[in-house]
Ligand code: SF4
C-alpha cells in the first residue's frame, strides 16, 4: 500500500471514529440534498454558475484589470503574488510596515495553501485563527481536515480536553454550548488586541471592486472591521464580473456547503472603513498553469463548498489527512497532482469514480472525469507502479469480456458463499467499517427469471 491507501488504513484503525466521521458527513450531505430540492430552479442555477465561471476565466485579464481599477478607486491597495512565497512576503511586509505583530485571521484555504501561519510565526507574528473549527485544529497543531468543517474529525470530548488545557475550561466538560462560549470569550480578547485582520475572499466583483465574505460565525466581520489594518487574500479564480452574479452563487454556496438556505453572514466590503488601511493580495500560485490545461481548467470553477467531500464514499471513510494535501476529497484529487504527479500519484485512485461528486457540485465541475484523466496522466508519466498496472490490466480484460466477467462473477459469488464471513470482513477494506450483507440464496437474475416463468 502507498500514499492515500496507507493513510486511509491508519484512519480506519479507529473504527468508531471512522464510522462516526462517515455518518456526520452523510448527515451534511443529506441536508444539502433537502436544501437543493427546495429550490425549483436548482439545476438552472448550477448551469448558470458554470457559465459565469467559464466566461470569467476566459476573460480573466480583462476582469482582473477592471477589479483592480475599481478597488483602487475605493482606497484599496492591490498586490499581485506569483506564488505562495511572494504572497507570504507581501503579507509580512504590509504587517511590518505598520508595526503589526498581533493578527487575527478568519478561515481561508488560500492562506493554508500558502502556509502563511508558520511563515508569519517564524517571523515573530502572532497569528490566531478565529473560526471555531480552525482554532481547534490550530491549538492541536493540525491542518484542517475538511475545507468547510476543519475539525470534523474531532469529537466534542477531545475539544473539551483541548480547551481545558489551553482555555482553562472545566475538566471533563464537553457541552458544545459551554465550549463555544469559552472560545468566544477567548477570541474576543484576541480581536480587541489585534493590530491587523486577515481573511480569505469568497467572491470578488470586477464591476464594483468589492469583495464578498461568507461565514456563519461573524468572525471575518470582526477581523476586517476592528483592527486598523485589514488584508484580504484571494486566488485569481475568485472573480465574478457583475454584482448581480452573486445572487446565483450565494444561493448555491450555503445550500451546497451546509444545507442552510443562506449563511449567517454574507458581508460585502467596498473599501476600508474610515481610518483603516486595506490591502487585497491577488494570488496566482499555479492557477494560470491549470487554466492552460483544457482538461483540468474547470477545477478553477470551484467555490470551495465542500459538497464533493461530504458525498464522496472514499473521503467519508478515509478522513481528510489521508490525502496529504491542503484540500482533500475529489477536488483535492484534481488539484494536488498539478503540484507534483509523483508525490500525489496515489490520489486519482482514491475514488470509486461513482460521479456523485460531479452530481452535487454547484459549479458543475466534472470532477470524476478529471480524476479519470489524472489516472491516465499517472500511467503516462510512468508512476503507476507494477501492482496497480497489472491489476488495471486484469480489470480491463475482465470487464471487456462477457465470458470472463460471467465466470469471474460466479467465482466471486461462490467464494462469498463458502468462505466464512468473518474471514472476508477481516481481509477486505469494506469489512473494516461495515459488515458484508448476507448473500441471497439465488441471484437477482435467477429469481427474476423464475418469477417470469410462473
Ligand atoms: S468542486 Fe464543486 S462540490 Fe467540490 S468543493 Fe468545489 S464547488 Fe464544492
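Miscellaneous remarks
- Once the Cβ-Cβ distance of residue 216 and residue 19 is raised to the sixth power relative to R0 = 41 Å, the FRET efficiency obtained is 0.95.
- Efficiency of FRET from Cβ geometry, residue 294 and residue 399, R₀ 30 Å, rounded to 0.05: 0.60
- Percentage relative contact order, segment 203-273, counting C-alpha pairs under 8 Å, at least six apart: 51
- With helices as the sole contributors, the chain gives -16000 deg cm²/dmol at 222 nm; each DSSP H run of n ≥ 4 counts as -39500 (n - 2.57), and the sum is divided by every residue.
- By definition, a body whose alpha carbon gyration tensor gives a ≥ b ≥ c is oblate when a/c is 1.5 or more and a/b is not larger than b/c, and segment 345-405 fits this oblate description.
- The chain: relative contact order as a whole-number percent, Cα under 8 Å and 6+ apart: 21
- Cα-based shape type of segment 290-343, given that a ≥ b ≥ c are square roots of the gyration tensor eigenvalues and the cut on a/c is 1.5: oblate
- Modelled spin-label separation between residue 276 and residue 387, with each label point placed 7 Å from Cα along the Cα-to-Cβ direction: 5.3 nm.
- Tensor-based shape of segment 1-111 (alpha-carbon gyration tensor, a/c under 1.5 rounded, otherwise prolate or oblate): oblate
- When 236, 78, 262, 231 are sorted by how many other C-beta atoms sit within 10 angstrom of their C-beta, beginning with the fewest, the order is 262, 78, 236, 231.
- From largest to smallest, the equivalent ellipsoid semi-axes obtained for segment 309-374 from the alpha-carbon gyration tensor read 17, 13, 10 Å.
- Per-residue Cβ neighbour rank within 10 angstrom, fewest leading, 109, 278, 392: 392, 109, 278
- 62, 316 arranged by Cβ crowding within 10 Å, fewest neighbours leading: 62, 316
- Label zone (residue 226, point 7 Å along Cα-to-C-beta; backbone nitrogen cut-off 18 Å) within segment 178-198: 180-198.
- Spatial separation of Cα centroids for segment 35-51 and segment 95-159, in angstrom: 33
- Cα Rg, Dmax, segment 218-336, angstrom units: 16.6, 50
- Within the chain, the ratio Rg/Rh, alpha carbon atoms throughout and Rh by Kirkwood, equals 1.01.
- Relative contact order, percent, segment 166-230 [alpha-carbon distance under 8 Å, six or more residues apart]: 32
- Label positions at residue 170 and residue 158, each projected 7 Å from the Cα along the C-beta direction, are separated by 2.4 nm.
- Segment residue 352..residue 192, full-extension length gain: 52.8 nm, with 0.36 nm per residue of separation and the alpha-carbon distance subtracted.
- P(r) of segment 172-227 over all Cα-Cα pairs, binned every 5 Å from zero, in whole percent: 4, 16, 21, 19, 16, 11, 8, 3, 2, 1, 0
- Of all DSSP beta bridges in the chain, antiparallel share, percent nearest 5: 25
Rule-based calculations on the coordinates, nothing more; no lab input. Since we're looking at a predicted model, the values are computed, not measured. When we count neighbours, we look across all protein chains shown, and the Cβ atoms used for this are built from the backbone with ideal geometry, even at glycine.
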